[in-house]
Amino acid sequence: MKKKLIAGNWKMNGSLAANDALVKALLAGLPAGASDVALCVPSVYLAQLQDLVRGSRIELGAQDVSAHESGAYTGELSGAMLKEFGVRYAIVGHSERRLYHGESDQLVAAKAKSALASGVTPIVCVGETLAEREAGKTEEVVKRQLAAVIHANGHCISEIVVAYEPVWAIGTGKTASPEQAQQVHGVLRTQLKAASAQADRIHILYGGSMNAANAAQLLAQPDIDGGLVGGASLKAQDFLSIIAAAA
Ligand code: PEP
């Protein structure tokens, strides 16, 4: 069985002092290595984090990556730049970027491709809004979002991480039930299997108000291979409890 992956998404939070305290508390409390752990931090803090996690089993992640290699793309960061700071993962297509930055399925797929080309593993987020769920469109939406990434990445698809993040559960305190989450993860696994003979090795993470209290039940589902954790990743004890639940 593959190790679970617990990735924290700090979003636009942190400061030099707060990061230092949080990472030191995580390193002091990290349980023995039964799961993989990553922190996806604001890019300006990558150098700081690279120093803080050096020699530990915490991997570094970014929260976005450009679809382009280099050039006149003000404000963007390439996969190669992230790689220079020891970045292993880059979140792409987070619902906040789809919503506030108008990112399309095609752009998200191009970002995943660009990350892979640089040796950075994209964590591809998919998920339905509450209106889409209530209209019975959950499967259609997540399959469409993932299909764009499969189409653009062909056989490399076995190198990605997928995160199922129902938009209505992100930062709201509402979590998908383990059964609701497993149902969608099963759909995504089937879609990945149709695209790759190695789909079983792909991590499909759940994200959406995962916390110390609900993590164990979610992580016990057969197709839930870890978590993408927002709010709870900013509190050392909560994040450590989730990591322990994944062990
Ligand atoms: C996220 O931002 O990816 C997320 C899942 O946030 P939260 O855990 O706060 O719902």
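Bear in mind these aren't lab numbers, they're just calculated from the coordinates by the rules spelled out. Remember, predicted model here, so these are calculated numbers, not experimental data. Don't worry about glycine lacking a Cβ; one is built from the backbone with ideal geometry, like all the others, and counts go over all protein chains shown.
Things to note:
- Remark on the stretch 145-247: ratio of C-alpha radius of gyration to 2.2 N^0.38 Å is 1.08.
- Neighbour counts of C-beta atoms inside 10 Å place 141, 92, 187, 41 in the sequence 187, 141, 41, 92, starting with the fewest.
- Per residue, the convex hull volume that the Cα atoms of the chain enclose (Å³): 115 Å³
- Set against the 2.2 N^0.38 Å expectation for a compact globular protein, the stretch 1-46 has a Cα radius of gyration ratio of 1.27.
- Ordering 196, 43 by the number of other Cβ atoms within 10 Å of each residue's own Cβ, fewest first, gives 43, 196.
- Trypsin sites (Lys or Arg not before Pro) within the stretch 109-138, DSSP loop, no more than 16 other Cβ atoms inside 10 Å: 137
- For the stretch 103-144 and the stretch 51-87, distance of Cα centres in Å: 20 Å
- Magnitude of the charge dipole, the chain, Cβ model with Lys/Arg +1 and Asp/Glu -1, debye to 20: 340 debye
- The length gained on full extension between residue 193 and residue 106, counted as 0.36 nm times the residue separation minus their Cα-Cα distance, comes to 29.2 nm.
- Cross-link pairs 3/83; 3/137; 11/174; 11/193; 24/113 - those with Cα-Cα distance over 29 Å: 3/137; 11/193; 24/113
- Note on the stretch 44-190: Kirkwood hydrodynamic radius from all Cα pairs is 16.1 Å, rounded to one decimal.
- Only the Cβ atoms of Lys and Arg (+1) and of Asp and Glu (-1) were treated as charged; on that basis the dipole of the stretch 1-109 about its Cα centre amounts to roughly 500 debye.
- Computed P(r) (all Cα pairs; the stretch 154-211; 5 Å bins; percent): 4, 20, 27, 20, 14, 10, 5, 0
- Going from the fewest other Cβ atoms within 10 Å to the most, the residues 225, 36 appear in the order 36, 225.
- Value at 222 nm in deg cm²/dmol, rounded to 500, when DSSP H runs of n ≥ 4 in the chain each add -39,500 (n - 2.57): -12000 deg cm²/dmol
- Convex hull (Cα only) mean projected area of the stretch 1-128, reported in nm² to one decimal: 8.8 nm²
- Farthest toward the positive end of the dipole of the stretch 35-103, out of 79, 93, 49, is the Cα of 49, where the dipole comes from beta carbon charges about the Cα centre.
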